[in-house]
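One structure is given here, and the rest of the page talks about it.
Derivation of every value follows stated rules applied to the coordinates shown; laboratory data play no part. These figures come from a predicted structure and were not determined experimentally. A quick note on method: Cβ atoms are made from the backbone with ideal geometry, for glycine too, and the neighbour counts reach across all protein chains shown.
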Amino acid sequence: MYRELAWRNIWRNPRRTLVILTAVVIGIWSIIFLRALTRGMESEMLASGIKNLTGHIQIQQPRYVDDPVVDYSMDAGYPPMDVIAPLLPLGSAWAGRVRVGAVAANARHSGGITLVGIDPLREASVSFIGGAITGGHFFGGSDGNSVLVGRALLEKYETILGRKLILMSQDIHGEIVSRAFRITGIFDSDMESVEKMYLFIPLEAAQSMLGLGKRLSEISILLTDTGHEVSVVGRITPLLDDSRLAITTWQDRLPILAAYLNLSGSFIYIWYGVVFIAMGFGIVNTTLMAIFERMREFGLIRALGVSPGGIIGGVILESFFLLLLGLLVGNLFGMATVFLVAIHGIDLSALSAGTEMWGMPRIITPMLRCMDLFIANAVILILGLGVSLYPAIKAARITPVEALRYT
Amino acid sequence: MNIDIALAWRNIWRNSRRTVLTVSAIAFAASILVFMLSFQLGTYGTMIDASVSMRTGHVQIQAAGYLADQEIQLAFSWDDATRRAVLDGDPRVVATTPRAHGFALIASDKRTYGGMVTGVDPVREKSVSTLAAIVRRGRYFERSDGALVGEILARNLDVDVGDELTLLGQGRDGSVAATVVRVDGVFASGIDMYDRNVVLLPLPFFQDLFSMDGGVHEVAIRARSLGDVALLKRDLNRRFSALAGGGPPPVVLDWMDLTPGLLQSIQMDLVSGLIMYLILIIVVAFSILNTFVMAIFERTREFGMMMAIGISPGRLMRLVLTESFFMTATGLLLGIIFGVGVTLWFERYGILIPGSDEIMKAYGISGRLYPKLSLLSVLAGPCAVLVITLLAAFFPALKIRTMTPVEAMRHV
Amino acid sequence: MILSYPPLLWRLLGSLLSWGLLLIPSMASAAPLPSADTLVRDAFEYWRGSASTARLTMTIHRLSWKRTVSIDAWTQGESESLFVIRAPAKDRGNGTLKKGRGMWIYNPKVNRVIKLPPSMMSQSWQGSDFSNNDLAKTDSLIHDYTHTLKHHTTHGGHTIYTIKSTPHPDAAVIWGQIILKIRDDHILLAETFFDEALEPVKEMVASDIRSVSGKSFPMVWKMVQVESPDRYTRMVYETLAFSQGLPSHIFTRANLISSGR
């Protein structure tokens, strides 16, 4: 009966209800949309940071971490991946690489790059390169002297698919080695710097060119989701000799990104608070108005023997319905906006120098998570009911005598 | 009219609880906006300042083409006479420092790397950039032929203060530039690219080593304020064109030319900030709209009576709008006072955002962020609130014009 | 930063040095037409001989400046060479030793030998249009290319052969094609370097053919950037002598130092 009464009460003055509903709707809409935008951006930044040859976890020779040169590669067969791989969570992927500084040259240009030797099958499921080929093809079976280059580098070197690049580096004995590679694939990245920095060649080609045998510069591990890095590291560390290997997580390697994600995460809660307070004033005010209009009514109800608790419950229930309705509509609007915007994303290409500086994607695609929706709704609902206590208590304090005196 | 104003003022306090809530909502929005906008602008100022004082300066004079090609030959001569001719007496120029760059092999006993060698004027550099402050070990240019080495480069070369470095490069005239220097200090700017690649030398020593013949590649200028940059850039460009000399005159670049990413990220942040503020204002407007609506509907009978005694609907409308304006203005005033107070407090003591150290380090900003109060940040937000609030008040007030006294008096 | 240093270094030169130093006139038979391979190999043997000692003047021309350097040069076989600057006085004693694939440089002022890291291999050698890499790879023309005879003309009593040299698919050379003009007495008259789109990038022309140690040899070599003809490097032999061999101690780091002092 209370429920019905409360529901009908909020429609006694539909205009007033609609106005306050609008405030709630816009509030929750803005929270949902903003959360989806920042979530989309964060997950894109995280994904591209991790897929940009970082991985969730990296295993390297300790000195390689600070000084990534060919001398500091890991011993052949160590770490023993056949022992470690089974300890990784289901769905994880790993890949071994050779990664060293090198010089790339053709008739028109020469300059420094980072040469990455990859195992095509493994690498495709660990880093961005597997899905970034937009011209030519990824390494196939017989691509011993193939090189994958970024689009920006291709332009810088005034070259095209099928042409040669000469790569020069220092092998493990300190001798200068150079070898010709044919451009068989072009990759694109949101970061021009990535396109200009990395050249990919097959792992065996890199190992033979640099005289590495079976040695690797690093092993990169991609987990199915962020958040488990530390426990996984905890599991594999005891098996490895830490004088021979350094195990780092993406937070160690991308401290700025990690800090940014933290900051962005806490900032969104501040925004929840700000929007809520703006809405809260409206909720309290409207509810108060409704209560003072109905002084006589409350007096009557009290006179009929309803306890103050009952009245508080009734008022709260009214707010509850009001909030519920606002949240419902707001969620629908929010989700609709997110889906509409997600079709094309928000294109920031015009500010690409700015996005690049922060490692942001050029196109932001909003992204909704159930957990985010739940938290946003719960926060508004709980706080909304919380502030309704004030008018509810006011209502409960009304005595029948006072109420009758009230005009 | 005066009566109306007094009446409006009294009317809004007839339901003081409601008015307090409405005024608080407006005050809240206004103070948030004042603070946030000041904070944003302050942060930009800090970022620009940090970037500018890390290296670039507000404005730089460079030889034409040097920005794109970085060839050692693209130098221009910079002496006291030129400086006096171009810069002296310009109050916008606070400090200047000349620099020159060359590429060289940088070798320690154990390792050899290719890197950049930069010559700086040890005394002048201090007044333009923070270089002296980021020397983490050793001293800032102790000897006339001492070197400062980036922290990562020092680690890679395995050298520290007091160790020797051999530099071998190519001078401006193509001659061999070779010397052995002793490491005076190790610096860490927080920008890996810089800390990994650069060795700094006193400028006269550099010019001698690289046969610069008195030439430099850039002159970094610290301006009086950011606001002076645009005009200063234009005036300097004119002065250089007027100085007839051989070859193309040097060009004047500002921090936006030198660090385009910084400007764009500021624009990006500003736009996203503005959108959020707009949403906030709209939510507030709807939150307080009820008050305005109620101010009319509760009092329909009263209005009917007033119309019956000959007060025009137009005047009633003005009365109601005046009430709304009073509420809004009171809210804004309180909001501005509170917002300014909070902002000033933080402007004095700074804000430490946990976890943001790393981000700020990327820009060479260390520690706290400081909001910066300005006329713009104080007025922009509250003005927007005023406009949107009055708009919200206007629609219910329109209703008055359609009222007739008889109907209105019948209203319960 | 250093790594994006402009490409000019590569440009001019190529074989300048390899060209300079030849020996042993080979007796080209007057048979029908020699094969392109033979022509190139003979020309290469002719320039290089087994060993040479020379003093040359190198002038680097740029739009706004030029620089002249006097160099002592020793070469032996395909992969050993030593260059030491004699003038200007300021740079006197700066030397470069190439042995196998490695390169070392010596500077008397710092009195140190430094092995060049790969990142520096594409940098300019002593400010010229030769990159260090060009010095390190003088025998590339013989090993890395397939040669075909395009045509031949007769000029001043000599037959001049035009040969197209195409790099092997896997050869570590940056050029897409090289066109050689070789005279019937094994003198290389011109060499044009093309990129992979077969656009000319730089061109080397030899002139002032004189008789040295009993054989004809061009005394002037000029390497021009095709797209900006005002950037070039010109080398002139002051003295040149060919021999059957040089003592092996010449191509050592100790000698790099002692000849620089």
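In this label model, residue B:238 and residue B:302 are separated by 6.2 nm, measuring between points 7 Å along each Cα→Cβ vector.
Each of B:162, B:91, B:113 was placed along the dipole of the range B:64-249 (beta-carbon charges, centred on the mean Cα), and the one lying farthest toward the positive end is B:91.
Ordered by the count of other Cβ atoms within 10 Å of each Cβ, fewest first, A:286, C:154 give C:154, A:286.
Which shape class applies to chain A: rounded if a/c is under 1.5, otherwise prolate when a/b exceeds b/c and oblate if not, where a ≥ b ≥ c are the square roots of the Cα gyration tensor eigenvalues? In terms of gyration-tensor shape, prolate. The magnitude of the dipole of the range C:196-261, with charges of +1 and -1 set on the Cβ of Lys/Arg and Asp/Glu and taken from the Cα centre, is near 440 debye.
Between A:28, A:219, A:311, find the one with the highest GNM mean-square fluctuation for chain A; connect C-alpha pairs within less than 10 Å. Highest fluctuation among the options: A:311. The Cα center of the range B:292-334 and the Cα center of the range B:62-84 differ in position by 69 Å. Ordering B:59, B:387, B:251, B:180 from the fewest to the most neighbouring beta carbons within 10 Å gives B:387, B:180, B:251, B:59.
Under 19 Å from a label point 7 Å along Cα→Cβ of residue A:399: give me every residue in the range A:294-317 with its amide N that close. Answer for the range A:294-317: A:295-312. Quick check on the range A:129-170: take the gyration tensor over C-alpha atoms, sort the square-rooted eigenvalues as a ≥ b ≥ c, and tell me if it's rounded (a/c under 1.5), prolate or oblate. Oblate. For chain A, the longest principal axis of the alpha carbon atoms and the long axis of helix A:14-51 meet at an angle near 10°.
The residues B:383, A:370, when put in order of fewest to most other Cβ atoms within 10 Å, stand as A:370, B:383. Estimated purely from DSSP H runs of n ≥ 4, each contributing -39500 (n - 2.57), the mean residue ellipticity at 222 nm for chain A is -17000 deg cm²/dmol once divided by its residues. The relative contact order of chain A, computed from alpha carbon pairs under 8 Å that lie at least 6 residues apart in sequence, is 27 percent. The stretch between residue A:15 and residue A:158 holds 44.8 nm of extra length on full extension. This uses 0.36 nm per residue minus the Cα-Cα distance. Relative to the longest principal axis of the Cα atoms of chain A, the long axis of helix A:255-293 makes an angle of roughly 10 degrees. Computed from the Cβ-Cβ distance with R0 of 41 Å, the FRET efficiency linking residue B:342 to residue A:71 stands at 0.15. Rounded to the nearest 20, the size of the Cβ-charge dipole of chain B about its Cα centre is 2320 debye, with Lys and Arg at +1 and Asp and Glu at -1.
Extension gain for residue C:216 to residue C:35 (0.36 nm times residue separation, less C-alpha to C-alpha distance): 63.0 nm.
Of the residues B:313, C:189, A:104, the one whose Cα sits farthest towards the positive end of the charge dipole of the protein assembly as shown is B:313 (charges of +1 on Lys and Arg Cβ, -1 on Asp and Glu Cβ, taken about the Cα centre). For a paramagnetic label modelled on residue A:297 (point 7 Å from Cα along Cα→Cβ), amide N atoms under 16 Å away belong, within the range B:277-314, to B:298. Along its three principal directions, the equivalent ellipsoid of the range A:28-147 from the Cα gyration tensor extends over semi-axes of 30, 22, 16 Å, largest first.
Shape analysis of the protein assembly as shown based on the Cα gyration tensor places the equivalent ellipsoid semi-axes at 76, 33, 25 Å, largest first. Its Cα centre serving as origin, the range B:9-86 has a Cβ charge dipole (Lys and Arg +1, Asp and Glu -1) of approximately 1100 debye. Lys/Arg Cβ at +1, Asp/Glu Cβ at -1, dipole of the range A:55-252 taken about the Cα centre: which of A:239, A:132, A:168 is farthest positive-ward? Farthest towards the positive end: A:168.
Short-range pairs are left out: with C-alpha atoms under 8 Å and at least six residues apart, the relative contact order of chain B is 28 percent. For the Cα trace of chain B, dividing Rg by the Kirkwood Rh returns an Rg/Rh value of 1.22.
Gyration tensor over the Cα atoms of the range A:55-252: the corresponding equivalent ellipsoid has semi-axes (square roots of 5 times the eigenvalues, largest first) of 29, 19, 14 Å.
Backbone N atoms of the range C:84-118 closer than 15 Å to the 7 Å Cα→Cβ label point of residue C:70 belong to residues C:84-94.
Beyond a 30 Å Cα-Cα separation, which of these cross-linked pairs lie in this structure: C:98/C:202; B:110/C:66; A:164/A:214? From the list (C:98/C:202; B:110/C:66; A:164/A:214), the Cα-Cα distance tops 30 Å for B:110/C:66. The label-point distance for residue C:199 and residue A:175, in a model that sets each label 7 Å from Cα toward Cβ, rounds to 3.7 nm. By how many degrees, between 0 and 90 and to the nearest 10, does the Cα long axis of helix B:2-12 differ from the longest principal axis of chain B? Roughly 80 degrees, rounded to the nearest 10. Modelled label positions at residue C:190 and residue B:136, each set 7 Å beyond Cα in the direction of Cβ, lie 5.8 nm from each other.
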